[in-house]
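Q: Here's a structure for you.
The values are calculated or read from the model by the stated rules, or taken from the named source; none is laboratory data. Owing to the predicted nature of the structure, the values given are computational and were not obtained by experimental measurement. In this analysis, Cβ positions are derived from the backbone assuming ideal geometry, glycine residues included, and neighbour counts consider all displayed protein chains. Side chains are part of the model used for accessible areas, which takes the heavy atoms of the whole protein and leaves out ligands, DNA and RNA. Shrake-Rupley method; radii C 1.70, N 1.55, O 1.52, S 1.80 Å.
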Amino acid sequence: MSEECLICKAPLTYLEKDELMECVLCHKKEASRAVCINGHYVCDECHTRGMDSIMALCLEEKSKDPAEIIVKIMRMPFCHMHGPEHHVMVGSALLTAYKNAGGDIDLPAALMEMQSRGRKVPGGACGFWGACGAAISSGMFISIISKSNPLAGEEWGFSNLMTSASLAAIGKIGGPRCCKRDSYLAIETAVDFVYKNFGIKMEKHKIICEHYEKNNQCIKTRCPFYPFEK
């Protein structure tokens, strides 16, 4: 189990309130609560460096299964065990599979919009906002394919229903957080939601986690994707 602090691999800790932190990589100062036990802070921008490569993978991808797509994204060098990159990855995988399954969208434009929106959801939202970024990403996906906005009617409703359905699936399992588990749950929920409400049938296969050994807080058999039986 090696992935916690990106600098020294030491465990992370979360402060009770925001404090002014200086990123050890870019030296930007900002308020945050997340720091490793040795005092290293890495901002979200530095943590997600290289995430632009998602778009190239997605534009070449032919799969109709968003879980299969996100598994490939998770294997890319920029992706860490946990982090705000997942807030873009979930929606990007869903947009790509939706397009490949017959969804009528401009995929390059949709992926760019997903990057723009997903980057705004900070790391730690699951614990401090009460809304996991993977679930929010699934709602962003629906808002993009339905062209929703704050004044929309049915589209606005669908976007919020998608986020709430993903949050329910994630919250039912309980914590501590796992960005991989929560991403898988949001994607599985979205596949069913889209077929029911939009008539586009993306594919779904059984997901088996490849990353549990890197997760210091793995819940093991409580996780539906843990590779060993209870």
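Q: Criterion first (under 12 Å from the mean Cα position of the chain (by Cα) and either closer than 19 Å to residue 119 by Cβ or without any contact (Cβ under 8 Å) to a residue 12 or more places away in the chain (or both)) does residue 58 satisfy it?
A: Judged against the criteria, residue 58 is not a match.
Q: Let me ask something else about it. Sort out for me the helices (runs of 4 or more DSSP H) sitting completely within the stretch 1-97 that have 1 or more residues that are polar (S, T, N, Q).
A: Filter on the stretch 1-97 gives 53-60.
Q: Residue under question is residue 180, and the condition is that it be of a type in the set (Lys, Arg) and open to solvent by 60 Å² or more (accessible area, probe 1.4 Å); does it hold?
A: no
Q: Now a separate question. Does the stretch 97-121 hold any residues that are open to solvent by less than 40 Å² (accessible area, probe 1.4 Å) and within 18 Å of residue 183 (Cβ to Cβ), and which are they?
A: 97, 98, 111, 114, 115, 118, 121
Q: Restricting to the stretch 177-197, give me the number of residues that are more than 15 Å from residue 133 (Cβ to Cβ) and either touching a His at 6+ places or on another chain (Cβ under 6 Å) or not hydrophobic (A, V, I, L, M, F, W, C) (or both).
A: Result for the stretch 177-197: 5.
Q: Is at least one residue of the stretch 10-32 in contact (Cβ under 8 Å) with a residue 12 or more places away in the chain, in contact with a helix residue (DSSP H, G or I) (Cβ under 8 Å, 6 or more places away or on another chain), open to solvent by 60 Å² or more (accessible area, probe 1.4 Å) and within 22 Å of residue 176 (Cβ to Cβ)?
A: Yes - at least one qualifying residue is present in the stretch 10-32.
Q: Only one of 143, 138, 148 is without any contact (Cβ under 8 Å) to a residue 12 or more places away in the chain and not β-branched (Val, Ile, Thr). Can you tell me which?
A: 148 is the lone residue from the list that is without any contact (Cβ under 8 Å) to a residue 12 or more places away in the chain and not β-branched (Val, Ile, Thr).
Q: Then there is this: For the stretch 35-45, check the following and say yes or no: at least one residue is under 24 Å from residue 73 (Cα atoms) and at pLDDT 90 or above.
A: For the stretch 35-45, residues under 24 Å from residue 73 (Cα atoms) and at pLDDT 90 or above: present.
Q: So, one more: Considering only residues that are open to solvent by less than 50 Å² (accessible area, probe 1.4 Å) and among the aromatic types (Phe, Trp, Tyr), which ones fall in the stretch 183-211?
A: Of everything in the stretch 183-211, those that are open to solvent by less than 50 Å² (accessible area, probe 1.4 Å) and among the aromatic types (Phe, Trp, Tyr) turn out to be 184, 193.
Q: In the stretch 52-91, which residues are over 29 Å from residue 11 (Cα atoms) and in contact with a Phe, Trp or Tyr (Cβ under 9 Å, 6 or more places away or on another chain)?
A: 64, 66
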